[in-house]
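Chemist: Shown below is the structure under consideration.
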Amino acid sequence: MTDKIAYSRHDDIVVLRIQNPPVNALSQAVRQGLADGMDRAEAEDGVRAVMIVGEGRAFIAGADITEFGKPPMEPFLPDLCNRIEASPLLVVASMHGVSLGGGLEVALSAHYRIAQPSARVGLPEVHLGLIPGAGGTQRLPRLIGVEPALDAITTGRHIKAPQALEMGIVDRVEEGDPQEVGLAYVRELLDSGAERRPICEMPAPAPIDWDAAYEVTLKKGRGQISPAEAVRAVQAGVEKPFEEGMKAERRIFSELMNTDQRQGMIHAFFSERAVSNLPELKGVEPRELKAIGVIGGGTMGAGIATAALLSGSSVVLIEMKEEAAKAAHERISGNLQGALKRGKIDQAKFDHLTGTALTVSTEYDSLSDVDLVVEAVFEDMDVKKQVFGKLDAVCKPGCVLASNTSYLDVNEIAASTKRPEDVIGLHFFSPAHVMKLLEVVVADKTAKDVVATGFALGKALGKISVRAGVCDGFIGNRILATYRTAADHMVLDGASPYKIDAALEKFGFAMGPFAVADLAGLDIGWATRKRKAATRHPEERVPTYIDRLCEQGHFGQKTGQGYYLYEKGKRGGTPNPEITRLIEEEQKERGITPREFTEAEIVRRYMCAMVNEAAKVLEEGIAKRPLDIDMTLLFGYGFPRYWGGPMKWADIQGLPNVLAAIEGFAEKDPWFWKPAPLLVDLVKTNRTFDDLNKEAAK
Ligand code: CAA
């Protein structure tokens, strides 16, 4: 026995209690302990049943992800599951917390399952670029049928115990101490003469149209391969004997283990957890956060207020005039109505959030008691300074003063107050109650506990918070500006916006850059181009065709015309011939002969521009770690999760290859394609971005 499993005898029942904090992952020692425990129970006289239970917060959260990519160690999980299932003893799993992946597979190899009402089960391997690898694709369909099993496996969703009971995944749901209710259940089973019930002996379920299911799943996954491959594994289990199905599952699992997508998704899993774990904040306590102030009740302010209300804070929102205040209240109510419709809150909660919890006022004095205030007014330095002057006058000492600016200099805003140490940037993404990303922008004088408070707010709001330094656009928008420019250059040189969008959507982006621009509103980019025109370097190539469209009053989706034409009531748009005409006109004016771009070249240029700028952002300390950039792009910019983020993508391509591509592009346009010195240095020293992540974690 290993020390990860506590073995205890309760008359004729043996309990194997898993003790591997924090989440009882199935490390080698746990697998070995379970196998040894089964051997011992079977060898002892008078034992009739084995119950497996977890200690701490979960039954089992799955295979130990930290072992992935390393040489596999015996006993292998599929063998352990088969061994448990084949036991002549009655085997029962008593589940609490989560039973995920290998955890559910262990439970499925038991003959009966009892769960706490609060327990959740699931096969989330697709989120790691894998499929269940220890019989999940074979046993679950036999137990509950192909369609519900495929839904669970291809979405990887967590299923709450009451639903799992309805679906037939668990046999009983009962509240109490997992060991005690589990033992009582085993006793009941033994007394009633219940027989062993190995799922592998159950008949194969009815088949479905496998090719159709494969295609639908592939399409839904936007290029992610593991969910579609799971369909093939289930198919094998239905069409072939159980052992053959297990072999097919193992083969597919092993193949996926060697894919870039698996690497990318596991990087995303760990980075998502590491991103808010900042060495500089160790031991720093955040300030109290009970009441939140929001300045401005437009889409952004209302979204921030909605998110804060849903997190349990009270909110004071300030608007300039009564009419605007009324509109802001309506916007927030509308957002909360959505939460009500989706069952996230009930009517009583809705009434509370739109009533006592929310104050909408035209008086700054109403902010005197708030702990943190986020300004979300017009993006103009003078306007922001005026607002911060007023906040400085009315907010209590220690109140955190935050700006939601997307570009402006937070140092300058901070300097306009008498308390720059309390000032921070909190850059939300619209709609703020939906989008997961929050850039916590740390200015030169921001106090550490104010930074910690920014992260605490992000956590309370369910956001992925990323630390960013001050520069034009911080991490995300600064990098976006560069890769968007690369896309604009490709348009000037001959790739249509539609071909670029299609290539990048195929790469895995939720939307291509031109469809995104239409959604965000073309007036935003137009205003930025005008703002930057005076300081623009003469060698900078900036297209003007899109300004011509804006001059005609077309700003994308909201006006019905942009890169695409939109029809009311229809999703998506069709290419706008006017755009094609304007591009051709500009190409003629500039004397450009348009050339062909392959999809691969489009992706390469776009991604290399992203990585190169990201390396500069890192070098300047705007982002502290490559993983901060990866998470920014993943959660704020629709970057495909299965690539892990741009820095992980670059590591997977090999940094020498990325640098060589950039140097190649620089031959024609040395002004735009200046290799980032950090990238050059990493290549020279044979290091990766991930090495920088590891160095930062030390
Ligand atoms: N292996 C190793 N470590 C794990 C782990 C796993 N399967 N699951 C969680 N952890 C670690 C986390 O990295 C984290 O570590 P740090 O504290 O050092 O950051 C710690 O456990 C706690 O995790 P969270 O911070 O995520 O805690 P949470 O309460 O928010 O969530 C959870 C808990 C729901 C279990 C979540 O961690 C989770 O979803 N884990 C992954 C589950 C999963 O994907 N299982 C399938 C694994 S693949 C598999 O099993 C293959 C197969 O078929 C053989």
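The values are calculated or read from the model by the stated rules, or taken from the named source; none is laboratory data. All values derive from a computational prediction rather than experimental measurement. So basically every Cβ, Gly included, is an ideal-geometry build from the backbone, and we count neighbours across all protein chains shown.
Chemist: Return yes when Arg187 is surrounded by 14 or more Cβ atoms within 10 Å (Cβ to Cβ), at pLDDT 95 or above, in contact with a Ser or Thr (Cβ under 9 Å, 6 or more places away or on another chain) and within 20 Å of Pro88 (Cα to Cα) and no when it is not.
Modeler: Taking the combined requirement at face value, the residue does not satisfy it.
Chemist: Please go through the stretch 19-44 and pick out each residue that is over 23 Å from Lys70 (Cα atoms) and surrounded by 18 or more Cβ atoms within 10 Å (Cβ to Cβ).
Modeler: Gly37, Met38, Ala41
Chemist: Quickly run through the stretch 374-398 and pick out the residues that are aliphatic (A, V, I, L, M) and not in a helix (DSSP H, G or I).
Modeler: Passing the criteria: Val374, Ala376, Val377.
Chemist: Just checking: which of the helices (runs of 4 or more DSSP H) contained wholly in the stretch 611-698 hold 2 or more residues that are among the charged types (D, E, K, R)?
Modeler: 626-636, 646-653, 677-684, 689-697
Chemist: If Glu195 passes every condition in (1) closer than 15 Å to Pro141 by Cβ; (2) more than 16 Å from the ligand (Cβ to nearest atom) but one, which one does it miss?
Modeler: Of the numbered conditions (1) closer than 15 Å to Pro141 by Cβ; (2) more than 16 Å from the ligand (Cβ to nearest atom), the odd one out for Glu195 is (1).
Chemist: What pairs come up if the first residue lies in the stretch 345-363 and is more than 11 Å from Ala305 (Cβ to Cβ), the second is among the hydroxyl-bearing types (Ser, Thr, Tyr) and at pLDDT 95 or above, and their beta carbons are under 8 Å apart, counting only those six or more places apart or on different chains?
Modeler: Sorted first by the residue in the stretch 345-363, then by its partner, the pairs are Thr356/Ser314.
Chemist: So Ala456 fits all but one of (1) touching a helix residue (DSSP H, G or I) at 6+ places or on another chain (Cβ under 6 Å); (2) surrounded by fewer than 23 Cβ atoms within 10 Å (Cβ to Cβ); what number is the exception?
Modeler: (1)
Chemist: List pairs: first residue in the stretch 48-67 and at positive phi, second residue in a helix (DSSP H, G or I) and within 16 Å of the ligand (Cβ to nearest atom) anywhere in the structure, Cβ distance under 9 angstrom, at least six positions apart or on different chains.
Modeler: Pairs that qualify, where the first residue is at positive phi and the partner is in a helix (DSSP H, G or I) and within 16 Å of the ligand (Cβ to nearest atom), are Gly62/Gly102; Gly62/Gly103; Gly62/Leu104; Gly62/Glu105; Gly62/Pro124; Gly62/Glu125; Gly62/Leu128.
Chemist: A further question on this structure: Only helices (runs of 4 or more DSSP H) wholly contained in the stretch 249-352 count here; list those with 2 or more residues that are touching a helix residue (DSSP H, G or I) at 6+ places or on another chain (Cβ under 6 Å) and outside the structural domain of Val373 (by TED's automatic domain parsing).
Modeler: Hits in the stretch 249-352: 260-274.
Chemist: Looking only at residues that are part of a helix (DSSP H, G or I) and more than 19 Å from the chain's Cα centre (by Cα) in the stretch 124-138, which one is nearest to the ligand (Cβ to nearest atom)?
Modeler: Restricting to residues being part of a helix (DSSP H, G or I) and more than 19 Å from the chain's Cα centre (by Cα), the top hit is Gly136.
Chemist: Picking from Gly182, Gly176, which residue would you name as being assigned to a helix (DSSP H, G or I) and either within 13 Å of the ligand (Cβ to nearest atom) or assigned by TED's automatic domain parsing to the domain that holds Val53 (or both)?
Modeler: Gly182
Chemist: Taking the stretch 209-248 only, how many residues are under 26 Å from the mean Cα position of the chain (by Cα) and outside any helix (DSSP H, G or I)?
Modeler: Number satisfying all stated conditions: 5.
Chemist: Would you mention how many residues in the stretch 1-44 are charged (D, E, K, R) and either within 16 Å of the ligand (Cβ to nearest atom) or in contact (Cβ under 8 Å) with a residue 40 or more places away in the chain (or both)?
Modeler: Result for the stretch 1-44: 5.
Chemist: While we're on this one: Which ones in the stretch 399-429 are within 15 Å of Gly469 (Cβ to Cβ), in contact with a helix residue (DSSP H, G or I) (Cβ under 6 Å, 6 or more places away or on another chain) and assigned to a helix (DSSP H, G or I)?
Modeler: Within the stretch 399-429, Ile413, Ala414 meet the criteria.
Chemist: Would you check which residues across the stretch 96-114 are within 27 Å of the chain's Cα centre (by Cα) and either more than 12 Å from the ligand (Cβ to nearest atom) or assigned to a strand (DSSP E or B) (or both) and list them?
Modeler: Of everything in the stretch 96-114, those that are within 27 Å of the chain's Cα centre (by Cα) and either more than 12 Å from the ligand (Cβ to nearest atom) or assigned to a strand (DSSP E or B) (or both) turn out to be His96, Val98, Ser99, Leu100.
Chemist: Sticking with this one: Taking the stretch 535-553 as the search range and keeping residues that are within 17 Å of Gln587 (Cα to Cα) and without any contact (Cβ under 8 Å) to a residue 60 or more places away in the chain, which one is surrounded by the most Cβ atoms within 10 Å (Cβ to Cβ)?
Modeler: Ile546
Chemist: Based on what the data block shows, is Ala268 of a type outside the set (Phe, Trp, Tyr), within 14 Å of the ligand (Cβ to nearest atom) and over 22 Å from Pro72 (Cβ atoms)?
Modeler: Against the criterion (of a type outside the set (Phe, Trp, Tyr), within 14 Å of the ligand (Cβ to nearest atom) and over 22 Å from Pro72 (Cβ atoms)), Ala268 qualifies.
Here's the yes/no breakdown for (1) surrounded by fewer than 17 Cβ atoms within 10 Å (Cβ to Cβ); (2) closer than 19 Å to Gly525 by Cβ; (3) among the acidic types (Asp, Glu):
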site	(1), (2), (3)
Phe555	no, yes, no
Tyr563	no, yes, no
Glu567	yes, no, yes
Lys570	yes, no, no
Thr574	yes, no, no
Ile579	no, yes, no
Leu582	no, yes, no
Glu589	yes, no, yes
Ile592	yes, no, no
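Chemist: Only one of Gly296, Gly301, Gly283 is within 30 Å of Leu627 (Cα to Cα), in contact (Cβ under 8 Å) with a residue 24 or more places away in the chain and of a type in the set (Gly, Ala, Ser). Can you tell me which?
Modeler: Gly301
Chemist: With respect to Ala49, is the statement that it is more than 13 Å from the ligand (Cβ to nearest atom) and either touching a Ser or Thr at 6+ places or on another chain (Cβ under 9 Å) or farther than 22 Å from Gln138 by Cβ (or both) true?
Modeler: So Ala49 fits the description; yes.
Chemist: Residues to consider are Pro141, Pro117, Pro88, Pro72; find the one that is more than 9 Å from the ligand (Cβ to nearest atom), modelled with pLDDT under 95 and assigned by TED's automatic domain parsing to the domain that holds Arg172.
Modeler: Pro72
Chemist: Pick from Ala515, Ala481: which is in a helix (DSSP H, G or I) and surrounded by fewer than 18 Cβ atoms within 10 Å (Cβ to Cβ)?
Modeler: Ala481
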